[in-house]
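Taking it in order: structure first as structure tokens, then the write-up.
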Number of protein chains: 2
Amino acid sequence: MDVTVAIDCMGGDHGTHVTVAAAVEYLERDPHASFILVGLTDRIEGELKRLRAVPGPRLRIQHAGETIGMDEPPAAALRGKKDSSMRVAINLVKNGEALACVSAGNTGALMAISRFVLKTLPGIDRPAIAGILPTLKGHTYMLDLGANVDCSAEHLLQFGIMGAELVASVEHREKPTVGLLNIGEEDIKGNEVVKQAAELLGASGLNFHGNVEGNDIYKGTTDVVVCDGFVGNIALKASEGLAQMLATFLREEFKRNIFTKLAGIAVLPVINAFKRRADHRCYNGASLLGLRGIVIKSHGAADVYAFGFAIQRAVEEARAGVLAHISERMATIHRGVA
Amino acid sequence: MDVTVAIDCMGGDHGTHVTVAAAVEYLERDPHASFILVGLTDRIEGELKRLRAVPGPRLRIQHAGETIGMDEPPAAALRGKKDSSMRVAINLVKNGEALACVSAGNTGALMAISRFVLKTLPGIDRPAIAGILPTLKGHTYMLDLGANVDCSAEHLLQFGIMGAELVASVEHREKPTVGLLNIGEEDIKGNEVVKQAAELLGASGLNFHGNVEGNDIYKGTTDVVVCDGFVGNIALKASEGLAQMLATFLREEFKRNIFTKLAGIAVLPVINAFKRRADHRCYNGASLLGLRGIVIKSHGAADVYAFGFAIQRAVEEARAGVLAHISERMATIHRGVA
């Protein structure tokens, strides 16, 4: 299936240097993908020249005169920058020229503008950020990773439904399992909102596993892990911090003296195989789920390799028809209730 | 300073096998430490015999006829088992025979019984679980790790005060830095309770660093990290899960074939040095902070080596006079307000 993706080329720590290069690389891999590169035309053209690539029907440039800073308040970006690369990319999804957009820019601004321009799907109160994490068994989808700091039980139920439909459509998996992040496996534990959410999820018709604990995320106990954005963001960032610390410790031990350095060379293939398996770049690209359009958020610090995975995620979600799946499920539930 | 510690010998996954052995080992290291081994006398005596150790003035046995199961509801354990090893150990702290107690048993029961028997310090509404985590710079103290699922801003302030006094007294550090776990460094982010807590902490006279994010925990940005028990427990368990997953990946890569196995042998000293540095057993032993007595919770799965660190923590807190430090600080604040 042909898919056109709008790329916010100015977002992220590295801007066009990463975004344009990743789009050009992806084009060669997937003959049915096309891109609209959004941002400052001269910057994008300069980058294409550097890469010896030329614009064409599969690689169009859409000029946008403004850029949103990584620390800019979302409300100011929403109101004040109607011609930002981020907003123009989202507009392309809104008017149907692109089936999805990808940005490595300011998360708060991306969520605010996406919500304002695209609106939420029927039955969805709030969009959530859904990310993929590696597990002992493969990978799991976790949401919300930071869009909503205060959630009701009903919101958590909606996250569960969206997460399950995302996995069912993208991974072609029937009845994915859904776990609710809590601090104990027993039903008596957890706060009131989580207790109510467990009841709603249990009665929802989803394949609800019940409560899961923090360590279950990486065990791969369930296909989907549901939590509010405050807890999800902290669990994710704590994991990033721990992984960085362990990598630093390992590097320091190998650099300790000439013998450990030689050992490090001998063991390089093993370390590289390990790194590939745990490489967070392969999990780059979180979905802003629940909008009337596919919006993928890349990590701001992503390199070309990592940004390529965010693009791939946009293409896969468009091909899998994730939005239609979520809408159908919400309509079914609505009819059931009525 | 002479310190007597009561050990709940029946708690944890391995019971007397671990607890008694760790106490016997610790005795040899520290000539000013004494232990009261609490539990089923014949089981403790059997274990001492196996270890070729004999009871004496520094190693007394206190019989307790009941044990609390790891999955037993805390309320039932509190009401129904007045002669449990856990309760008898806590009673020894209450009546002054021991300066601290250590248990690897059921966390909920330990908190419920400690709170009922010992009561909280003046000015402290709720005890919190304070643990130590390794960081790039050394280590940090984090609380609450799971005792309180719903916290007010005032509770988070109290956690900050207790954490700071714990670090100041045990580590002899003036004005330790305190960070508030949040999902963004900007003051505008986070939920309402966290925003209010930031204001209270800022006005408290503590060395308040401001908000910290999940990755700051392992960066070692602050000496103390404050959060509610729901978030703290999930961040801790997620970290445990991630570390286990990475260890499994690394082990599997070294076991892949004869060449990687040989490489694994060549690199063993480096891997062992790395393991020692990141060894979670060295961080075993969380304080139930805010009680009128020192209570240390060991991980249920702790081995002899890990349980020894929980004992060491109990001894250090008793010698540092942590409770007096917290009480004095609370009294100062109270006078300031009045």
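The values are calculated or read from the model by the stated rules, or taken from the named source; none is laboratory data. As the structure is a computational prediction, the values presented were derived from the model and not from experiment. Cβ atoms come from the backbone with ideal geometry, glycine included; neighbour counts cover every protein chain shown.
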- Task: Kindly indicate which of B:219, B:175 is more than 28 Å from residue A:136 (Cα to Cα) and of a type in the set (D, E, K, R).
- Result: B:175
- Reported set for the range B:140-154 where residues are within 14 Å of another protein chain (Cβ to nearest Cβ) and within 24 Å of residue B:101 (Cβ to Cβ) is B:142, B:144, B:145, B:146, B:147, B:148
- Message: Condition first: more than 22 Å from the chain's Cα centre (by Cα) and under 13 Å from residue B:308 (Cα atoms). Now tell me which residues in the range B:17-44 satisfy that.
- Response: B:28
- Task: Identify the single condition in (1) within 19 Å of residue B:297 (Cβ to Cβ); (2) touching a strand residue (DSSP E or B) at 6+ places or on another chain (Cβ under 7 Å) that residue B:60 does not satisfy, given that it satisfies every other one.
- Result: (1)
- Message: For the range A:45-85, give me the residue count where each residue is in a helix (DSSP H, G or I) and charged (D, E, K, R).
- Response: 5
- Residue set B:119, B:175, B:137; condition more than 13 Å from chain A (Cβ to nearest Cβ) and touching a Lys or Arg at 6+ places or on another chain (Cβ under 9 Å); output residue B:119
- Message: I need the full set of residues from the range A:79-98 which are out of contact with any Asp or Glu (no Cβ under 9 Å at 6 or more places or on another chain) and either crowded, with 23+ Cβ neighbours inside 10 Å or modelled with pLDDT of 95 or more (or both), in order please.
- Response: A:92, A:93, A:94, A:95, A:96, A:97, A:98
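Here is a yes/no grid of residues against (1) among the hydrophobic types (A, V, I, L, M, F, W, C); (2) in contact (Cβ under 8 Å) with a residue 60 or more places away in the chain; (3) in contact with a helix residue (DSSP H, G or I) (Cβ under 7 Å, 6 or more places away or on another chain):
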site	(1), (2), (3)
A:107	no, yes, no
A:121	yes, yes, yes
A:127	no, yes, yes
A:147	yes, yes, yes
- Note on the structure: Scanning the range A:240-263 for residues that are at the interface with another protein chain (Cβ under 7 Å from one of its Cβ atoms), closer than 23 Å to residue B:255 by Cα and not polar (S, T, N, Q) gives A:243, A:246, A:249, A:250, A:253, A:254, A:263
- Do the conditions hold for residue A:52, that is, is it of a type in the set (Lys, Arg) and surrounded by fewer than 23 Cβ atoms within 10 Å (Cβ to Cβ)? yes
- In the range B:199-223, which residue that is aliphatic (A, V, I, L, M) and touching a residue at least 24 places away in the same chain (Cβ under 8 Å) is nearest to the other protein chains (Cβ to nearest Cβ)? B:217
- Task: Residues being surrounded by 24 or more Cβ atoms within 10 Å (Cβ to Cβ) and on the phi > 0 side of the Ramachandran plot: count how many of those fall in the range B:2-19.
- Result: 1
- Message: Suppose the filter is in contact with a strand residue (DSSP E or B) (Cβ under 6 Å, 6 or more places away or on another chain) and within 7 Å of chain B (Cβ to nearest Cβ); does residue A:183 pass it?
- Response: no
- Task: For the range B:86-194, please list each of the strands (runs of 3 or more DSSP E) lying entirely inside it that holds at least 3 residues being under 30 Å from residue B:63 (Cβ atoms).
- Result: B:100-103
- Within the range A:133-140, identify whether any single residue is more than 27 Å from residue A:154 (Cα to Cα), of a type in the set (A, V, I, L, M, F, W, C) and surrounded by fewer than 18 Cβ atoms within 10 Å (Cβ to Cβ), and answer yes or no. yes
